[in-house]
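Undergrad: Just dropping this structure here.
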Amino acid sequence: MAEYQLYCFAQSGNAYRAALMLNLVNADWQPIWVDFFARGEPRTVEYRTNVNEMGEVPVLVHEGRKLSQSGVILTYLARTTGKFRPEGEEQELEALRWIIFDNQKVNGFLGPYRFLRNFAQPAGDPAVMTFLKSRIDNNLGIVDKRLAARPFVVGARATIADLSLAGYLYYPAEEFGFDIAAQFKNIAAWLERIRALPGWKSPYELMPGHPLPARQQ
Ligand SMILES: N[C@@H](CCC(=O)N[C@@H](CS)C(=O)NCC(=O)O)C(=O)O
């Protein structure tokens, strides 16, 4: 058995943050596929009892510990591996600030928007989609402006704040119905910098469950 196990599925950008970090630090890890679409596995009593009481993916298993919330998993991996770790209190707080902003407002809106567009039955109500899209445009604009002045979110090198913010941004543009890289030039350049890191792989390469069987789409 690998040193780290990650409960995940290919379509989850929340899980991708953790999968990407594990791969970038060259960890000995293996995915444990969670059947989100056909079984709604995270909502089962079994999953909530044995894996995560919050009923969410990702969950990282390491040395008898089970950790959830991608921000916590990234922090844990930064501490245990020493990689992508913000340096000193100021950077730590800055990284945490962007991870919370990301979870709530960047990928926190982008994830549901993509889900309602591609996977939900029925698809998202147009009024909800319009609301989410306007928030997404606004919040990606804030990240884009931030990246105009620095190569990575906290400073000169990539940290866990970058890996968090990248959560959904490597999924294909057609899944969003708009091209983030074309619209936000600083985000596009930053995504290329992360893509150039040794060990980078796309979400569909790193995690199991893609493509979905036709009946589940
Ligand atoms: N803030 C959490 C979000 C996790 C999350 O929402 N995961 C989704 C999958 S992408 C999930 O497991 N949802 C369970 C459900 O909808 O029942 C994190 O960053 O880990």
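A short reminder: the numbers here are calculations on the coordinates, not readings from a lab. Just so we're clear, the structure is a prediction, and the values are computed from it rather than from any experiment. Positions of Cβ are generated from backbone atoms using ideal geometry, with glycine treated the same way; all protein chains shown enter the neighbour counts.
Undergrad: Classify the chain as rounded, prolate or oblate from the Cα gyration tensor: take a ≥ b ≥ c as the square roots of its eigenvalues, call it rounded if a/c is under 1.5, otherwise prolate when a/b beats b/c and oblate if not.
TA: In terms of gyration-tensor shape, oblate.
Undergrad: How big, on average over all directions, is the shadow cast by the Cα convex hull of region 136-182, in nm²?
TA: Computed as one quarter of the Cα hull surface, the answer is 3.4 nm².
Undergrad: Given 25 °C and 0.890 mPa s, compute D for region 29-156 with the Stokes-Einstein relation, Rh being the Kirkwood radius over Cα pairs; round to the nearest whole µm²/s.
TA: For the chosen part, D equals 144 µm²/s.
Undergrad: Kindly rank 65-73, 87-95 from highest to lowest mean number of other beta carbons found within 10 Å of each residue.
TA: Order by mean packing, descending: 65-73, 87-95.
Undergrad: Only Cα pairs under 8 Å and at least 6 apart count here; give the relative contact order of region 1-80 as a rounded whole percent.
TA: Relative contact order of region 1-80: 33 percent.
Undergrad: For a Förster distance of 22 Å, can you work out the FRET efficiency between the beta-carbons of I32 and R193, rounded to the nearest 0.05?
TA: Calculated transfer efficiency: 0.15.
Undergrad: Taking R0 as 22 Å, what FRET efficiency do you get between Q121 and R39 from their Cβ-Cβ distance, rounded to the nearest 0.05?
TA: Here the calculated transfer efficiency is 0.90.
Undergrad: While we're here: Of the candidates G177, G155, G141, which one comes out as most mobile in a Gaussian network treatment of the chain with C-alpha springs shorter than 10 Å?
TA: G177
Undergrad: When the chain is fully extended, how far beyond the present Cα-Cα distance does L93 get from I142, taking 0.36 nm per residue of separation?
TA: 15.8 nm
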